[in-house]
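Taking it in order: structure first as structure tokens, then the write-up.
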Amino acid sequence: MSFQAYLDNIQAKTGKSPADFKAMAADKGFATAAGLAPGTKAGAIVDWLKSDFGLGHGHAMAIVALLKGAKKQGD
């Protein structure tokens, strides 16, 4: 499954776009425009996404990769 397919599935399940997740992560202090906020662990983001949005581990890690800047929408 491509990275974009993960993002598409996440949006279909949650109704939230990648930009929405970036904004929400910034509001929670997990991310900045440059990537993850200093000291932020992937596990904290995964726990939030599983709890609030019912995402599985793989889909939550896709959002982590997006927030880190390791992957971009369209990859």
* Selection within segment 1-49 - crowded, with 16+ Cβ neighbours inside 10 Å, farther than 13 Å from ALA62 by Cα and small (Gly, Ala, Ser) -> ALA25, ALA31
* Does ASP52 satisfy the condition of being loosely packed, with under 14 Cβ neighbours inside 10 Å and assigned to a helix (DSSP H, G or I)? -> yes
* **So ALA42, is it farther than 18 Å from GLY15 by Cα and out of contact with any helix residue (DSSP H, G or I) (no Cβ under 7 Å at 6 or more places or on another chain)** => no
* Asked: Is it the case that segment 41-63 has a residue that's out of contact with any Asp or Glu (no Cβ under 9 Å at 6 or more places or on another chain), among the β-branched types (Val, Ile, Thr) and touching a residue at least 24 places away in the same chain (Cβ under 8 Å)?
  -> yes
* The listed residue being on the phi < 0 side of the Ramachandran plot and more than 11 Å from the chain's Cα centre (by Cα), out of ALA33, ALA42, ALA19, ALA25 -> ALA33
* Could you list all residues from segment 27-41 that are assigned to a helix (DSSP H, G or I) and modelled with pLDDT under 95? => none
* Being more than 13 Å from LEU67 (Cα to Cα), among the charged types (D, E, K, R) and part of a helix (DSSP H, G or I) is the filter here, so list the residues in segment 1-26 that pass it. => ASP8, LYS13
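The values are calculated or read from the model by the stated rules, or taken from the named source; none is laboratory data. In this text the structure is predicted, and so the values were computed from the model without any measurement. Positions of Cβ are backbone-derived with ideal geometry, glycine not excepted, and every protein chain shown enters the neighbour counts.
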